[in-house]
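Inspection log for the structure reproduced underneath, given as structure tokens.
No lab work stands behind these numbers, since they all come straight from the coordinates. Predicted model only: the values in this text are computed from it and were never measured. All Cβ positions, glycine included, derive from the backbone under ideal geometry; neighbour counts span all protein chains shown.
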Amino acid sequence: MLTPCSKISAPFLAQVGLAFLAALPICAAAPPPPSASTYGVKVVEDWIPMPDGVRLNVSLFMPTGGKPGEKFPAVLEYLPYRKDDGTAPQDYPIHSYFARHGYVTARVDIRGTGRSEGHTPSREYSAQEQQDGLEVIAWLASQPWSNSNVGMFGISWGGSNTLQLAMRHPPALKAIIAICADEELFKEDVHYIDGLMHVDAFEVTMDLQQAYLPSPDYPTDEKTLALRFDQPPWSLEYMRHQRDGDFWHSPERPLNSIRIPIFVIGGMLDGYRNSIVRVLEQVKSPVKALIGPWNHNEPHDADFGPRIEWRDQAVRWWDQWLKGRDTGIMDEPPIAVYMRHWYPPDPNLKEIPGDWRNEPGWPPPETQLRTFYPSSGGSLTTMPVVGSDDLKYVPTAGVDGGFWWGDLTNDQRPWDAYSLVYDSPPLTEDVAILGQPHVNLEASATAPLADWFARLCDVAPDGTVALVTGAGTSGAQRESASQPADLEPGRAYHLSFDMYLTSWVFPRGHRMRLAVSNSWWPTIWPTPYRMDTTLYFGGEPATSIQLPVVSLEPASRPHFSLPVPSDTLPGVHMSGNGWPGEWKVERNEIAHSTRVQWQGNGVVDYPWVHQKYHEDLIYDLQDDHPDISTVRGTAETIYRQKGRVLTFRDHLTMRSDKQNFYYAYTRELLENGQRIRRKNWQETIPRDHQ
């Protein structure tokens, strides 16, 4: 229920008395409305000149019907995902909404992508990309229609860009909204999850997108192909950097260097959600946070509900900081969060049960940290007991954990079968947690390299196991992710790490479970040695999990509206099954091998081009040979225009042995069925504690 403050009749109040009211959470008065939607919208294409002569293409969503000479703030979204033939269907409902409320929004393709000029950048968040972003902000502030105030917003890459540019203090940038964003690139981006090597559809898809030609003409002249098609794949560069360091931190500045107001939005099933906690804890300027149950989506268009309207809250935010209008948004509690209640493990769930709550700060002041200790025999109790448990490393275990610490997942029992599991007694009352559980492991391995994964789960009375949250760590990175070091076989090490941000109510009669394993395949590349690991209990510090327990009833609850009908881009139709796509598992019990096959596809029709894409990944691994791991990926995108068909394809193969990774990538372009360009990259890269 989105608005929990229902009407209460006077006769009912007379019957129950004031004691009943004292037990209810306080429901704040409805917030002031944002600027009215009084404008029309027109889209203007323009070019933004850079100092070196390169021009970036921008779509300006401009209010119409205003007063003569009226000036507007600018709101920028800046990313490489091709505004004209990539993200246009998703962009239009958001940008037009803001324009109708009196903002000029700017959707800009970064250099070398989409319609913008220049060569494709050598990596995500390059120095050139960020310098260009500063120029874009200054250009927007200087336009004759501008009131000189600029905001930024974006999701994923675009959200991360808002943080990175805010760290660089452009004078005209006054406030940002970062949605599903992240600034910890080595530990939490999609290349090294928890600092551990990860390969998914982003690799093959983004490496192919680097080659896409400028729309709408898709020229195939030599200069354009050299600037786009011939540029090296990013996945190769990321494989060369297997430890934390300057490469990963060069786009970043400390979060506490940000001086402007930040509105962070995310979901409890988004893999980037930990960034919200760091913003709340480190940023000193005004911060507001909205944390729902969603995965990697905007709240009005999430894969599962409850969906809410967030654009009205964004307009209130922009009104406050870009128009100087007191909307009351800063008088409200700074954090609105969705408390998830138990639900069965089901990747097809349409609605997450739970309720909204306000929090006055982070961590919530009422938080009580409760520590639980595993012990031999599989129990999870409030007192440590001396002992130990051994676990055989099964490299192919972990498929049921999903492809990152996000999205809806299946029943965890198949993964638990190859894990050490520890259960609490059945709970005698409901228990709510909100925050990042903390894990301490005392562990050893019989090999010089091992990973550990810890999961917090909810065990229902019928035996089904729901994943609540989790995290992993490399034993090699126990002291430093930038200076990894081998384990000494048989020696016990202390491993301490936070799980991912979560909210959850464990119902009475359920059990809490801590599960510990050494593999999460195919999400994380397997360590190369056959081995056993040991978990030790009752020492100092003791193996434990610490839970952030909060009250079931908050002091107040927020109000949100259901999503309003959105403007749609005329003449554009979408269909398909992209992320999280479809996947299946095949097991050969004789060879002790497993294959995971993933695929996604889609079709988009624009008035000027028909676009069709397909991508797939195949992961192969034998339990008896964890060093020999392979992933093969392909992607194909077809642009079909009158009398012309362009086909972009790529093929990626990554495999390993104990010493090396072997990388092979091919990119090709066909015009009307005839190949006109092909590029290959191959490299042997030493394993660096991955």
Once Lys and Arg get +1 and Asp and Glu get -1 on their Cβ, which of Ala542, Thr469, Ser424 lies farthest toward the positive end of the dipole of the chain? Thr469
Could you tell me the convex hull volume per residue, in Å³, taken over the Cα atoms of segment 341-396? 196
Neighbour counts of other C-beta atoms within 10 Å: give me His573, His341 arranged from fewest to most. His573, His341
Can you order the peptides 105-111, 317-323, 490-496 by their average number of other Cβ atoms within 10 Å per residue, highest first? 105-111, 317-323, 490-496
Taking other Cβ within 10 Å of each residue's Cβ, how do Leu434, Leu456 sort, fewest first? Leu456, Leu434
For the chain, what class follows from the C-alpha gyration tensor (a ≥ b ≥ c being the square roots of its eigenvalues): rounded when a/c is under 1.5, otherwise prolate if a/b is larger than b/c, else oblate? oblate
Cα-based Rg/(2.2 N^0.38 Å) for segment 52-94, rounded to two decimals, is 1.46
Among 54-65, 391-402, how do they line up by average Cβ neighbours within 10 Å per residue, starting with the highest? 391-402, 54-65
Which whole number in µm²/s is D for segment 508-553 by Stokes-Einstein, with the Kirkwood Rh taken over Cα pairs at 25 °C and 0.890 mPa s? 167
